[in-house]
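Scroll down for the structure; my scribbles are underneath it.
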Amino acid sequence: MYFSRFPQLARCCLQPVGRGLQLAADSRAPALLLVSRRPGIRAGFRALSSDSSKPPDTSLFHPVQLKATESSDSDIGAELTQTLNKSEVLKVLNKFYKRKEVQRLGSENGLDARLFHQAFISFRKHVLETDPLQVELHIILNDICAGVGHVDDLFPFFMRYAKQIFPMLDCMDDLRRISDLRLPPNWYPEARAIQRKIIFHSGPTNSGKTYHAIQRYLSAKSGVYCGPLKLLAHEIYQKTNDAGVPCDLITGEELVYVDPEGRPSAHAACTIEMCSVNAPYEVAVIDEIQMIRDPSRGWAWTRALLGLCAEEIHVCGEAAAINLVTELMFTTGEEVEVRTYDRLTPLKVLDQAVESLENLRPGDCIVCFNKNDIYSVSRKIEIQGLECAVIYGSLPPGTKLAQAKKFNDPDDPCKILVATDAIGMGLNLSIKRIIFNSLVKPNVNEKGEREIDTISTSQALQIAGRAGRFSSMFKDGEVTTLYREDLSLLKEILRKPVVDIETAGLHPTAEQIEMFAYHLPEATLSNLIDIFVSLSQVDGRYFVCNIEDFKFVADMIQHIPLNLRVRYVFCTAPINRKQPFVCTSLLKFARQYSKNEPLTFDWICRHVNWPVACPKTIRDLVHLESVHDVLDLYLWLSYRFMDMFPDATLVRQIQKELDSIIRMGVYNITRLIRASESNGPVSVGETATHDNAKEDMLPNQLHRRPRKSKLAQPPPSKIEGSLASRLIDQGLLTPDMLHQLEKEWSKRQDGHQNNATKTKSFKGKK
């Protein structure tokens, strides 16, 4: 796991100092200091400039509960005039509310229809229930009731009250400037102070593009490798040290110095979120640049591309990102040199589907997109008398590597691999043939909405490209589908050109969030981030990454007394919202922290019920995976709050033991499946995705109806409340899959009828 899904939100980033870590200021200065003031600024929601503003989502503005003022014994207003008639005052207030001129004035001062109504209801209640009333307001109301004042005279009092319950009205211009994200290159003054050379290594999977970038990295006096996964960072860390170049490892929960005295080396291999934009390097490598468009993590690649202080930036990835990288570098005044590579080994799309698991061959890899399919296919392969390895996203790194080693070992009887798109990057596998079990996959879009759609050309190529690796025993790769009906669709997907990446992800800085909190001290962190995104402005090259996971944790721990910075760090903790045990663990961690009670090794052992037993069913295995994630969470927090999470070394030891236990469970996974079947069906209900998606994916809004695949058949009519309807609503079934099931069931029924007819005919002949 990583330092944060949004470390840009944090002003502090972890920097190595001796054997420990310190919180160091990020070079990203707040936008408020970088964006010059523009003319024409007016109060309320007026635009900063005619072409830049957008109306805010006022549904995000919640009224502040005003503290009751101490009542005075004497009513000075009544003494100067007379006691107000509440019924007459109510008539005056209602007349004030209906005045078109008053509504227009309110709009000019930032009160749209929604806010105007909310402010008036609260103001009316305040006037009618406060005793004694403010002297000036009492006198004005008395004059209006007596016919010597005008109802419009209430507006200044109303507006003053509205700004008390909606404090953002008084600081909207400042909020707009803080949330202006149109100049991200200016966030990195250190990088702008040097002239960097950008080299884009473009090519498909297995083309050697990353190899060439790494060779330059190894020959440099200093360098940093920035990868999307812990496995990749570990691999480069190991290769660099094996090549005789001292290299440190930096991930979200692990910092390893090769120097025995803890001095930082000139080279580092890190996960992309953990790269420093302050440290100078001769060469930096940014791997898998196409992930700059990722709805959740794209900001990390944007930050590295714009902010790394390196003389040479070597960018590796799909050709679809070339135009965007070139455009972004044009805004920094830096040119891009493109080096193109072809695939080193041929990849053939077969004309026949596998159709049956009986037709599997050594070197086959069946790719599924959810755990239930992994379990089902593994069980069926075992019935065929074959042994298979299993790899999916939520497995610990050690278990994945063990399964990969088992599959790659020519002396091991295991010759079949069942995996998710976790194999798409980070693992070296000897695969001859990629077999797609399905072509639909759950995704999370930019809005944080969960949807199911046909895999993209980019995804299909990334997975298919794992067959026939240059360094494996299979020099030629093949790709096909398990079912005949999917093969034509796969060919259609692979024939399509990869769509160019048009936008890069962004996220606000911690300084910006803190400034929002300064202006809106009563707002919750979740509400602050909502308002920020609502007001944020980006140009056409960027988008704001979704923040639903951040908000989920913010709401979950809102009742716990924490200062803003600590609350923010907890909200950036990499958890999977679909794992209840992990979520409740984070809640308990935050509660312990708020009590200033360190989370010791004994405490965490009691919490996870350590030692744990070997899994006997799939449900046990899934729980142990969650326990592993809880230990990962502890280690992640231990690098942010060392005093409160003091036993990282001991926790890491039991995590290694747990990895071994999980490894044995996966080794015997078919036995666990059989045990689960005997105990009744087990619904895993967890999307199996690759590492980075598991760590940072936001599987929110499960109640939303998944979007229909663009290539899917029209959905069959469904009975309201039927099982099919519920499965589609929950995102476990697509209309296309339902249509396919109906076809297969119909064929099966026809087969039964034909067999029955033949049986009757045979008996008749007898």
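Taken together, the values in this text are just the output of simple stated rules run on the coordinates, not laboratory data. This structure is a prediction, so every number in the text was calculated from the model and none was measured. Positions of Cβ are generated from backbone atoms using ideal geometry, with glycine treated the same way; all protein chains shown enter the neighbour counts.
Numbers below:
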{"quantity": "Positive minus negative residues near Ser207 (Lys, Arg vs Asp, Glu; Cβ under 10 Å)", "calculated": "+1"}
{"quantity": "Spatial separation of Cα centroids for region 575-639 and region 167-207, in angstrom", "calculated": "36"}
{"quantity": "FRET efficiency estimate (nearest 0.05) - Cβ-Cβ, Asn428 to Glu485, R0 30 angstrom", "calculated": "0.40"}
{"quantity": "Cα-projected label distance for Ser456 with Trp603, points at 7 Å along beta-carbon direction, nm", "calculated": "4.2"}
{"quantity": "Environment charge at Ala310 (Cβ cut-off 12 Å; Lys +1, Arg +1, Asp -1, Glu -1)", "calculated": "-1"}
{"quantity": "Charge tally in the Cβ shell below 13 Å around Lys406, where Lys, Arg are +1 and Asp, Glu are -1, Lys406 excluded", "calculated": "0"}
{"quantity": "Three-way shape call for region 53-211 based on the alpha-carbon gyration tensor, with the a/c threshold at 1.5", "calculated": "prolate"}
{"quantity": "Fully extended contour minus Cα-Cα distance, from Arg591 to Ala78, at 0.36 nm per residue", "calculated": "179.6 nm"}
{"quantity": "Inter-label distance, nm, simple model (7 Å from Cα along the C-beta direction), Phe581/Ser87", "calculated": "6.7"}
{"quantity": "Convex hull volume per residue for region 481-532, taking Cα atoms only, in Å³", "calculated": "149"}
{"quantity": "Distance between modelled label sites at Asp643 and Asp409, nm, 7 Å Cα→Cβ extension", "calculated": "4.8"}
{"quantity": "Shape call, region 492-626: gyration tensor on alpha carbons, a/c limit 1.5", "calculated": "oblate"}
{"quantity": "Segment Ser746-Lys100, length gained on full extension (0.36 nm per residue, minus Cα span)", "calculated": "226.0 nm"}
{"quantity": "More than 18 Å apart - percent of Cα-Cα pairs taken over region 424-559", "calculated": "69"}
{"quantity": "Tensor-based shape of region 571-646 (alpha-carbon gyration tensor, a/c under 1.5 rounded, otherwise prolate or oblate)", "calculated": "prolate"}
{"quantity": "Residue-by-residue Karplus 3J(HN,Hα) for region 617-627, coefficients 6.51, -1.76, 1.60, Hz, glycine and proline x", "calculated": "9, 4, 4, 5, 5, 4, 5, 5, 4, 5, 4"}
{"quantity": "Percentage relative contact order, region 289-380, counting C-alpha pairs under 8 Å, at least six apart", "calculated": "17"}
{"quantity": "Hydrodynamic radius by Kirkwood, which averages 1/r over all alpha carbon pairs of region 331-370, in angstrom", "calculated": "15.3"}
{"quantity": "Gain in span if fully extended, Cys614 to Asp259, counting 0.36 nm per residue against the direct Cα distance", "calculated": "124.1 nm"}
{"quantity": "Phi-based couplings in Hz for region 99-113 (Karplus 6.51, -1.76, 1.60; Gly and Pro marked x)", "calculated": "5, 4, 5, 5, 5, 5, 4, x, 5, 5, 9, x, 9, 6, 4"}
{"quantity": "Mean separation of Cα contacts under 8 Å, 6 or more apart, over the residue count of region 513-568: relative contact order %", "calculated": "39"}
{"quantity": "Ordering of 667-676, 496-505, 571-580 by packing [mean C-beta count within 10 Å, highest first]", "calculated": "571-580, 667-676, 496-505"}
{"quantity": "Peptides 139-148, 480-489, 232-241 ordered by average Cβ neighbours within 10 Å, highest first", "calculated": "232-241, 480-489, 139-148"}
{"quantity": "Alpha carbon centroid spacing (whole Å) that separates region 303-329 from region 357-409", "calculated": "36"}
